[in-house]
Protein chains: 2
Amino acid sequence: MTGKKHKVAVVGSGNWGSTIAKILAENTREHPDVFEEEVQMWVFEEDVAIPEDSPHRQALGDQTHKLTEVINRVHENVKYLPGIALPSNVVANPDVRSAVKDATILVFNLPHQFIDKTLEQMKGHHLPYARAVSCVKGIEVANGRVTLFSELIMEKLGIYCGSLSGANIAPEVAAEEFCETTIGYDPPPMDLDAKQEFSPDNRHVINKQRQRKISSTSAVLQRVPDDYPCVDEKLVHRLFERPYFHVHVVADVAGVALCGALKNIVALAAGFVAGKGWGENSKAAIIRIGLMEMIRFGRFWFPDSVDEKTFTEESAGVADLVASCSGGRNFRSAKHSVEKGVSVNEIEQSELNGQKLQGTSTARAVCDFLSTHGKLNDFPLFNAVNRILDGGVSVDELPKLLK
Amino acid sequence: MTGKKHKVAVVGSGNWGSTIAKILAENTREHPDVFEEEVQMWVFEEDVAIPEDSPHRQALGDQTHKLTEVINRVHENVKYLPGIALPSNVVANPDVRSAVKDATILVFNLPHQFIDKTLEQMKGHHLPYARAVSCVKGIEVANGRVTLFSELIMEKLGIYCGSLSGANIAPEVAAEEFCETTIGYDPPPMDLDAKQEFSPDNRHVINKQRQRKISSTSAVLQRVPDDYPCVDEKLVHRLFERPYFHVHVVADVAGVALCGALKNIVALAAGFVAGKGWGENSKAAIIRIGLMEMIRFGRFWFPDSVDEKTFTEESAGVADLVASCSGGRNFRSAKHSVEKGVSVNEIEQSELNGQKLQGTSTARAVCDFLSTHGKLNDFPLFNAVNRILDGGVSVDELPKLLK
């Protein structure tokens with residue numbers, strides 16, 4: 001009955017994608033009873049030059065190479081995760097359709113701006129009963145609604161998708177420094193009792209993920225065939241858990257994904273007060289207030305699916321928030337903007353080559369969304385961050401605004 | 001009916017005691033309808049020399065002075081809170097009995113090792129219906145029981161006592177950098193309905209504070225006379241709230257006090273992993289796991305009074321924990337011990353003149369206590385910290401011990 005093994009593919013190969021591929025490949029090797037050893041990793045192909053001081057220079061010479069070729073020859077993503085040996089069972093593949101075609105488990109780990117196009121390319125070229133986990137950071141906010149990337153994947157591909165988030169700065173995880181993560185994965189009932197069909201009239205899962213948009217959801221899931229091991233919380237745990245990477249699997253998919261997006265607004269606020277030279281007390285207050293607003297936001301938009309404990313007790317919640325407020329681009333850029341007396345926008349121009357911070361776009365989108373729903377006053381910190389970004393208020397006014 | 005005003009006294013005058021006196025004196029001035037303006041502050045008398053570069057050198061000359069005399073003349077605690085102007089209505093008093101004799105509200109803010117002796121001196125010399133708030137850090141653990149300082153004050157003096165704790169590094173609060181605090185204050189029923197007497201047979205409050213020790217409690221509280229404004233949550237809030245010091249009053253006195261003690265164990269663990277050079281992910285994981293064990297500890301010893309939200313949502317909980325794991329003596333000393341490859345005990349000798357860290361004594365006492373109750377295995381982080389202190393395990397084993 002369980003004659004088949006799960007085949008895993010990673011969609012994306014930045015530093016976090018490559019790190020996750022490393023973890024997964026370590027585990028597929030360690031559990032050959034359940035998983036095929038090989039882990040396909042879709043790589044957006046590009047030419048790379050091997051630096052003179054690279055240990056791979058001798059093997060690869062001084063000409064440029066395709067990134068996939070480099071990864072498959074020297075087992076290192078020399079461009080995005082240099083210095084970290086990837087297990088040899090990670091196989092880089094420049095063709096996303098070929099990378100995912102046999103995979104029963106898909107792990108999405110790419111920048112959010114590439115997700116739409118990638119899903120478009122994949123559509124119809126993956127197993128219809130595949131299961132997925134999204135490590136994509138952020139949320140989509142448009143027309144008065146919030147969409148999680150796990151939801152987008154579920155709807156576009158018609159496959160169930162959970163979410164992974166945590167205090168997981170990629171280079172630290174890649175270096176196997178101890179950390180934790182949270183995976184939101186609530187197996188569709190059909191996978192557990194191998195009975196139910198999942199159709200628009202029987203959409204327990206999407207229902208739990210997003211009460212508010214159930215009527216427009218058209219995902220029809222197919223059951224994972226009986227000859228595969230059941231894709232339940234235990235199997236997900238087994239696929240991701242490492243001695244240096246402790247995994248909690250929770251049912252709250254929405255909470256996990258939301259935390260990873262909303263924390264960036266709070267990190268900006270923490271950077272603002274740090275830039276003023278205010279101390280640890282102030283930063284701790286910002287973190288606490290931010291955490292409360294994150295919960296409030298989750299309760300508003302996902303009232304029946306979000307679990308407060310995801311925010312207050314899980315790595316995706318409080319731990320990732322703390323880590324993001326101790327460093328990271330959002331925190332640092334906000335701090336610099338106050339120290340230099342310029343706008344965050346100017347910092348984005350001068351220090352980030354015009355690249356937008358995730359926190360600034362999230363703050364604006366979230367405040368627009370809240371304003372549309374008449375809820376902005378319930379979120380004084382989010383609102384204050386947005387107004388500071390716009391130059392409408394100064395950081396000195398924060399204590400008063402947070403009363 | 002409300003003809004009388006509350007008179008406030010602070011017992012203790014270190015940097016935190018002086019900071020709190022400043023806050024209280026600002027508020028007694030701002031609310032003359034409810035409070036007497038003058039705030040007495042008991043100062044452990046000592047001789048101080050005025051440094052040459054002090055702005056007070058001209059006024060005070062080069063001879064030594066009594067600390068109380070200096071405070072009352074130049075309105076600055078030049079020894080313990082230099083550079084911060086105290087309101088002129090803070091009156092330093094070297095005699096604790098005289099300082100507290102008319103006070104209806106006592107705020108305890110002194111190092112825990114002085115509390116027993118001070119209470120002994122005060123006994124019978126304070127108003128029998130006074131109400132108190134303890135800012136004393138730590139807990140007493142002996143003979144298989146945990147005692148909070150609020151409980152100790154309540155029992156020794158026979159007056160109701162709440163507790164205050166938060167992410168409140170004293171110099172930052174004194175400099176009026178924005179922060180928050182939590183006050184656990186659950187008014188005795190008699191103060192609210194002005195009816196009940198509080199006796200050993202009617203001990204609602206102590207019951208709520210400590211279920212487990214109720215039979216040995218002998219506090220008999222007296223009602224605050226009707227001609228004083230009611231000492232309820234609102235009045236407590238009014239007495240402590242400042243534009244830069246935001247106050248939440250909660251009913252969970254035990255949770256507030258516990259957080260302030262247990263966080264120090266977690267701060268040691270955070271210092272250990274920082275000393276290994278592990279990054280923000282690791283520290284965030286330690287904070288999260290530590291927070292969970294703090295809650296578990298509270299639930300075990302104060303099962304009916306501790307509120308999990310005090311830990312996860314209040315400044316006394318998550319915020320103070322985060323601040324303590326970002327700096328502070330426990331964190332730094334643990335970090336140095338790992339960096340230098342010596343024991344924390346050696347750091348206490350070499351860097352702290354033999355003074356013991358609050359975290360090391362709390363870790364030992366708490367683990368002894370848990371061991372007595374057969375609960376040590378439910379607290380892997382607390383246990384690991386204690387074993388690292390004893391040299392029984394190494395920091396490298398932490399991830400395995402926390403599985």
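The values are calculated or read from the model by the stated rules, or taken from the named source; none is laboratory data. The structure presented is a predicted model; accordingly, all values stated were derived computationally and were not measured. Here Cβ is always computed from backbone atoms with ideal geometry, including for glycine, and neighbour counts include all displayed protein chains. All accessible areas refer to the heavy atoms of the entire protein, side chains included, with ligands and DNA or RNA removed. Shrake-Rupley method; radii C 1.70, N 1.55, O 1.52, S 1.80 Å.
Below, the figures for the structure above:
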quantity: Local electrostatic count at B:Gly392 - Lys and Arg +1, Asp and Glu -1, tallied over other residues with Cβ under 15 Å; calculated: -1
quantity: Antiparallel bridge percentage (DSSP; both residues within region B:64-169; nearest 5); calculated: 35 percent
quantity: Charge tally in the Cβ shell below 11 Å around B:Val322, where Lys, Arg are +1 and Asp, Glu are -1, B:Val322 excluded; calculated: +3
quantity: Nearest beta-carbon to the B/A symmetry axis - residue in chain B, distance in Å; calculated: B:Thr312, 2
quantity: Out-of-range pairs (alpha-carbon distance over 26 Å; input B:Lys5/B:Lys137; B:Lys137/B:Lys283; A:Lys22/A:Lys283; A:Lys403/B:Lys234); calculated: B:Lys5/B:Lys137; A:Lys22/A:Lys283
quantity: The protein assembly as shown: antiparallel DSSP beta bridges as a percent of all, rounded to 5; calculated: 30 percent
quantity: Net lengthening on full extension, A:Asp396/A:Val342 (0.36 nm per residue, minus Cα-Cα); calculated: 18.0 nm
quantity: Length-normalised contact order for region B:208-357 - Cα pairs under 8 Å, 6+ apart - percent; calculated: 29 percent
quantity: Cα-centre dipole for the protein assembly as shown with unit charges at Cβ (Lys and Arg positive, Asp and Glu negative), debye to 20; calculated: 700 debye
quantity: Built amide H within the under 5 Å cut-off of B:Val90, gap 5+; calculated: B:Val39
quantity: Inter-copy separations for A:Asn353, label at 7 Å along Cα-Cβ, nm, ascending; calculated: 5.4
quantity: Relative contact order computed over chain B (Cα-Cα under 8 Å; 6+ residues apart), in percent; calculated: 15 percent
quantity: For region A:1-133, share of DSSP beta bridges that run antiparallel, in % to the nearest 5; calculated: 10 percent
quantity: Cα-based Rg of region B:43-183 normalised by 2.2 N^0.38 Å, two decimals; calculated: 1.18
quantity: B:His31-A:Arg296 FRET efficiency (beta carbon distance; Förster radius 45 Å; 0.05 resolution); calculated: 0.90
quantity: Rounded to the nearest 10 Å², the accessible area of B:Asp95 at probe 1.4 Å; calculated: 70 Å²
quantity: Nearest-first distances (nm) between copies at A:His373, label 7 Å from Cα via Cβ; calculated: 4.1
quantity: DSSP H segments from chain A that extend 20 Å or more along their own axis, Cα-based, with Kyte-Doolittle mean of 0.5 or above; calculated: A:253-275
quantity: Accessible area of B:Ser98 in the full protein assembly, 1.4 Å probe (Å², nearest 10); calculated: 40 Å²
quantity: Computed helical MRE - 222 nm, chain B, DSSP H runs ≥ 4 contributing -39500 (n - 2.57), nearest 500; calculated: -13000 deg cm²/dmol
quantity: Accessible surface of A:Asp390 - all protein chains present, 1.4 Å probe, nearest 10 Å²; calculated: 110 Å²
quantity: Chain A: most fluctuating residue of A:Glu176, A:Glu69, A:Glu280 per GNM, C-alpha cutoff 10 Å; calculated: A:Glu280
quantity: Region A:39-130, relative contact order [Cα under 8 Å, separation at least 6], %; calculated: 28 percent
quantity: Positive-pole candidate from A:Tyr228, A:Met294, A:Val78, dipole of chain A, charges at beta carbon; calculated: A:Met294
